[in-house]
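Taken together, the values in this text are just the output of simple stated rules run on the coordinates, not laboratory data. Note that the structure is predicted; figures quoted are calculated from it, not measured. No Cβ is skipped: glycine too gets one built from the backbone with ideal geometry, and neighbour counts run over all protein chains shown.
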Amino acid sequence: MREDLAVTSYATAQRPGDRDFQCDATAVCTGSDGTRSYALLDGVGDTPAVRSWARAAARRLARAAAGHGDAEVGLRAEYDHYAADPARTAGHDLPCAAAVVAVHVPGGLFSLAWSGDARAYLLLDGHLRLLTEDHNARRAYDGGDRNLITACLGEARSEEKTERLWGHPAIEYLRGPARPGPAGLGWLLLASDGAYEPHEDADHDLAGYLTGDPHTAAEGLVDDAVRRAHELHDPYADNATALVARITC
């Protein structure tokens, strides 16, 4: 991660794919000091209840991350909030979601945190870097099901139990410090699995979308994700959501 990043503009785009409901959600929150957070949730399931919960949870997460000025602290606060719900600890089947959140503090830290398989990418100097590591069964062992997520926002499992079961924490994060490098323009991309998997399966480089204005970039990425999913997956397309932000460094 680099600390010397400033966001100049951003946009989101969503497509429902072949699901009945759009259960991905995004939220952006800007604090009074200019701190800005970007949150993306990929809701587990396909119901109005999951859709409503994901939208509210994305707003909560964005506010928490901006308020704390740190992605990991904000995500952990929200994870603990849901994990403390007696209905969740009792094992009731309540909505949950893969989550990723990024925070930029003007003149300071750029941080990132995630739980689940929603991803963050950074494009700088022509090089696209995947910043996150998926929390799913494919990461846990060879041949694992990538659709089985092993951590998410909304579950009551402790950090220790997640580590014991799956070999990774429930929440992972990245922060600076700043590193010197050539100045220029770049992009931050947050994406649900419905947005990145079809491109990955087709061996198509996401960097090609990250040009021009953020709205066009986000729209093109999710449109083509749904199209490629129909070509590759028998044909089935998941909810596809992307949040893109232009940055200077």
Practice problem: Note down the net charge around Ala98, summing +1 for each Lys or Arg and -1 for each Asp or Glu among other residues with Cβ under 10 Å from its Cβ. | Solution: -4
Practice problem: For each of Val101, Val28, count neighbouring Cβ atoms within 10 Å of the residue's Cβ, then give the residues from fewest to most. | Solution: Val28, Val101
Quiz item: Where nothing but the Cβ of Lys and Arg (+1) and of Asp and Glu (-1) is charged, how large is the charge dipole of the chain around its Cα centre, in debye to the nearest 20?
Solution: 760 debye
Quiz prompt | Ranking of Ser32, Ser158 by count of other Cβ atoms within 10 Å, fewest first | solution = Ser32, Ser158
Quiz item: So, by mean Cβ neighbours within 10 angstrom, what's the order for 139-149, 235-245 with the highest one leading?
Solution: 235-245, 139-149
Exercise. Calculate I(q)/I(0) for the chain by the Debye formula, one identical point scatterer on each C-alpha and no solvent, and give its log10 at q = 0.09, 0.13, 0.16 Å⁻¹ to two decimals.
Key: -0.35, -0.76, -1.17
Self-check item: Environment charge at Ala62 (Cβ cut-off 12 Å; Lys +1, Arg +1, Asp -1, Glu -1)
Solution: +4
Exercise. Using just the helices of the chain, give the 222 nm mean residue ellipticity in deg cm²/dmol: DSSP H runs with n ≥ 4 each add -39,500 (n - 2.57), and the total is spread over all residues, rounded to 500.
Key: -9500 deg cm²/dmol
Quiz item: Which residue fluctuates the most in the chain, going by a Gaussian network model with Cα springs under 10 Å, if the choices are Gly45, Gly116, Gly126?
Solution: Gly126
Quiz item: Cα centroid distance between segment 54-74 and segment 88-115, in Å?
Solution: 7 Å
Practice problem: Sort the following peptides by mean Cβ neighbour count (other Cβ atoms within 10 Å, averaged over residues), highest first: 212-218, 161-167, 189-195, 68-74. | Solution: 189-195, 68-74, 212-218, 161-167
Quiz item: How many percent of the alpha carbon pairs in segment 1-144 exceed a separation of 18 Å?
Solution: 60 percent
Quiz item: Can you give the convex hull volume per residue for the Cα atoms of segment 63-131, as a whole number of Å³?
Solution: 89 Å³
Quiz item: What FRET efficiency would be calculated for the residue pair Asp223, Arg164, taking the C-beta separation as r and a Förster radius of 35 Å, to the nearest 0.05?
Solution: 0.30
